[in-house]
Amino acid sequence: MREIGLTILLLSISNVFMAFAWYSHLKDLSSKPWIVAVIVSWGIAFFEYIFQVPANRIGYGALSLGQLKILQEVITLSVFVPFAFFYMKEPLKLDYLWAGLCILGAVYFIFRSKWGGA
């Protein structure tokens, strides 16, 4: 259980860096050439991988590959929605709720064997 908690923590940190690497250039570097955005994003993504790679290595022993991937997607959406709303100033849409519910369905199906299901 400790491995799963550490995996969640590291993936959460990784996803904060990921959100900035993937999307902050749209706001902060929109007037710069795209190559500048690429270089800056690569620099930020380096820190994403510093947390993501150990998280996946730790989590893979406690979770299957599919469970690890769905966990990653849950964390991605959990980080992305506040990032989009607070940092990018995007409107909060009901579509985020529907997307979250779909991911909860994915969580159920990928983890149900761990919980005693099929």
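Quick note: the coordinates plus some simple rules give every number you see, no bench work behind them. Just so we're clear, the structure is a prediction, and the values are computed from it rather than from any experiment. Glycine gets a Cβ as well: all are built from the backbone with ideal geometry, and neighbour counts include every protein chain shown.
Condition check ((1) crowded, with 17+ Cβ neighbours inside 10 Å; (2) at positive phi; (3) touching a helix residue (DSSP H, G or I) at 6+ places or on another chain (Cβ under 8 Å)) across all residues:
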position: SER12; (1), (2), (3): no, no, yes
position: ASN15; (1), (2), (3): yes, no, yes
position: ALA19; (1), (2), (3): yes, no, yes
position: SER24; (1), (2), (3): yes, no, yes
position: TRP34; (1), (2), (3): no, no, no
query: Any residue in the stretch 101-115 that is within 17 Å of the chain's Cα centre (by Cα) and under 20 Å from VAL16 (Cα atoms)?
result: yes
- prompt: If you take just the helices (runs of 4 or more DSSP H) that sit entirely in the stretch 1-89, which of them hold at least 2 residues that are polar (S, T, N, Q) and touching a residue at least 24 places away in the same chain (Cβ under 8 Å)?
  reply: 2-19, 34-62, 65-82
- prompt: How about the stretch 36-62: which of its residues are out of contact with any helix residue (DSSP H, G or I) (no Cβ under 7 Å at 6 or more places or on another chain) and closer than 18 Å to THR7 by Cβ?
  reply: TYR49, ILE50, VAL53, ARG57
query: Picking from PHE46, PHE109, PHE85, which residue would you name as being surrounded by fewer than 12 Cβ atoms within 10 Å (Cβ to Cβ) and out of contact with any strand residue (DSSP E or B) (no Cβ under 7 Å at 6 or more places or on another chain)?
result: PHE46
